[in-house]
1. On the given criteria, is ALA313 part of a helix (DSSP H, G or I) and surrounded by fewer than 16 Cβ atoms within 10 Å (Cβ to Cβ)?
2. Can you tell me which residue within segment 327-351, out of those that are of a type outside the set (Lys, Arg) and farther than 18 Å from ASP82 by Cβ, is surrounded by the fewest Cβ atoms within 10 Å (Cβ to Cβ)?
3. So the check is Cβ under 6 Å with 6+ separation or different chains; which pairs have a first residue in segment 46-65 that's free of Cβ contacts under 8 Å to residues at least 40 places away in the same chain and a second one that's surrounded by 20 or more Cβ atoms within 10 Å (Cβ to Cβ)?
4. Go through segment 111-120 and give me each residue that's touching a helix residue (DSSP H, G or I) at 6+ places or on another chain (Cβ under 6 Å) and either of a type in the set (A, V, I, L, M) or at pLDDT below 95 (or both).
5. Give, as residue ranges, the helices (runs of 4 or more DSSP H) completely inside segment 127-212 that count at least 3 residues that are out of contact with any helix residue (DSSP H, G or I) (no Cβ under 7 Å at 6 or more places or on another chain).
6. If ARG327 satisfies all but one of (1) within 21 Å of the chain's Cα centre (by Cα); (2) basic (Lys, Arg); (3) under 18 Å from PHE239 (Cα atoms); (4) modelled with pLDDT of 95 or more, what's the number of the condition it fails?
7. Only residues in segment 176-203 that are more than 18 Å from ALA49 (Cβ to Cβ) count as the first member; pair them with residues that are crowded, with 18+ Cβ neighbours inside 10 Å, Cβ under 7 angstrom, at least 6 apart or cross-chain, and list the lot.
8. What are the pairs, 6+ residues apart or on separate chains, where a residue within segment 90-106 that is over 19 Å from LEU46 (Cα atoms) has its Cβ under 6 Å from a residue that is of a type in the set (A, V, I, L, M, F, W, C) and surrounded by fewer than 23 Cβ atoms within 10 Å (Cβ to Cβ)?
Amino acid sequence: MTRPFLYYLLLPLALAGLGSSLALRSAPIVRFVDRHRPEFRNISALLNAERQLFHTYAHRFRTDTVPLVGLVGSSSVVDGIDPLVMDSVWAAAGLPSRAVNLGMTSLTAYELPLIAHELLSGEFTTIVYLYNTFSFGDSVLWEMVTTRWSTTEFWRANDVNEFTLPDFVDFGDAVLAELVPLARYKNLMHNVAWRGITHDLAPLRYPYDYPDTQMVDGPLRRRESEPVAPATMWGRAVFLGSQRDTTTRGFRALRRFVALAERAGVKVIIVPVPEPDFSVFGRYKRGIRESRIDSLVADVADAAGVQWIPRAAFADLEAQDDNFRDRVHMNGPGRRSFSARLAARLDSTLR
């Protein structure tokens, strides 16, 4: 091994790793970046994933000691949970807990062990996993793999023979991001720095994907059936896989995450996130047996000894079309109604 090799390859990598580690351990830097995360509009899927996971990471640097309840799930959680509403319900009941919206776009259950290093880092006393009826299939969302990743957990749960050569390029990027912390959030850091240089940097105006004023997503035909999407499309495949049985990648990961949480001393509660009754007319959910998926989740929760809240607790909210902006996401009024209902339902469990 020659000296130039050490100087021009290993040394820069070592310095980059050290520098990024120091930057991401600086409370002022982390808090600043978290406050100035970009809005959802006009950003890439990867940047969106980075800003959402970084928000979870930033809670390691909080200054209070109030018990935190992390609410985890897909963009249905991003747009479906109002922490301020939940906090007010708990405060009125004398419960000293604080809700944190940890929703991440397109998050499915197989990713829970991959981000357990953040969810179970000791900051959250309780994790409430709010699942969709598409949460438990086998499909891997490659766009997110370099951000929501743990090498150990991924290979513990998967067979190397399941993947093709191009997949291993993504795996390489993911491993690098795990070894060099700044690489995991490179797009976010670049975005914040560039907006600072161009005098376009401002605190995040609202934590949701869409402002409260946007009640409906365009000319949504809520109860008109759409053609069924091909089974090979990710959006359809995740629904089909979720209703198969409890041996899917998603259900296996849910059991693994519950075991990791128990080992970390973190309580887990599993809850269905409300999906509008009219969602069954959409191209992805047509013919999907929602009750079948809920039954499978209930079986897994019961076997793992964790609480599962049935969908019936929120059925009236799902029946009100005006609570939703589209077939997946709640709007402002729906978010506030669900958050108040969920907080009241969790009150006794959190005591």
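1. Numbers: part of a helix (DSSP H, G or I): yes; surrounded by fewer than 16 Cβ atoms within 10 Å (Cβ to Cβ): yes.
Yes: the conditions hold for ALA313.
2. Start the filter on segment 327-351 by keeping residues that are of a type outside the set (Lys, Arg), which leaves 328-334, 337-340, 342-344, 346-350.
With the extra rule that they be farther than 18 Å from ASP82 by Cβ, the set shrinks to 348-349.
Details: SER348: 9, THR349: 13.
Filtering segment 327-351 for residues that are of a type outside the set (Lys, Arg) and farther than 18 Å from ASP82 by Cβ, the one surrounded by the fewest Cβ atoms within 10 Å (Cβ to Cβ) comes out as SER348.
3. Matching pairs, first to second residue: ALA58/ASP34.
4. If we filter segment 111-120 for residues that are touching a helix residue (DSSP H, G or I) at 6+ places or on another chain (Cβ under 6 Å), which is where we start, we get 112-114, 116, 118, 120.
Result: LEU112, LEU114, ALA116, LEU120.
5. Values: elements: 151-157, 165-179, 181-184, 186-197.
So the answer is 151-157, 165-179, 186-197.
6. (4)
7. LEU201/VAL192
8. As it stands, the answer is SER97/TRP90; SER97/LEU350; ARG98/VAL66; ARG98/LEU68; VAL100/LEU68, since those pairs meet every condition given.
The values are calculated or read from the model by the stated rules, or taken from the named source; none is laboratory data. The structure presented is a predicted model; accordingly, all values stated were derived computationally and were not measured. When we count neighbours, we look across all protein chains shown, and the Cβ atoms used for this are built from the backbone with ideal geometry, even at glycine.
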